[in-house]
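No lab work stands behind these numbers, since they all come straight from the coordinates. Everything numeric in this text was worked out from a predicted model, so none of it was measured. Neighbour counts run over all protein chains shown; Cβ positions are idealised from the backbone, glycine included.
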Amino acid sequence: MRFIAVYNQLQTSTAVGFDSLIDALDFLFWGYEDNDLTPQGIYDVLTDESMPYDHSGQSITIQTSLDSIRSIAKAYLKNTYRFTGLSYPGAA
């Protein structure tokens, strides 16, 4: 999993991982259209960069910081590694 889609649902920030950027963008697009998700952005695990989500070229979130997207995505990664029994590479 390389790309982490970060979103809000029921006033809770959460994330889900994908192998491709297209899949992450598609999830956020249809989640916003059909499932009451409020997309925040996408975090790239490989480059350690995050990007805000624009829905059809328009921002739909209230100024989500890139640091916030990154920290939510990293918390998701830590939980994912913990449940698989592997150690998180970013853990010291």
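What is the sum of charges around ARG70, taking Lys and Arg as +1, Asp and Glu as -1, for the other residues whose C-beta is under 11 Å from the C-beta of ARG70? Don't skip to the end; give the middle numbers.
Working: positive: LYS74; negative: ASP44, ASP48, GLU49, ASP67.
So the environment of ARG70 carries a net charge of -3.
Listing SER13, SER20 from fewest to most neighbouring C-beta atoms within 10 Å gives SER20, SER13. Near SER50, once Lys and Arg are set to +1 and Asp and Glu to -1 for all other residues with Cβ below 12 Å from its Cβ, the sum equals -2. Computed extension length for GLN9-ASP34: 7.8 nm, one decimal, from 0.36 nm per residue of separation with the Cα-Cα distance subtracted. The packing ranking, built from the mean of other Cβ atoms within 10 Å per residue, places the peptides 45-58, 23-36 in the order 23-36, 45-58, highest first.
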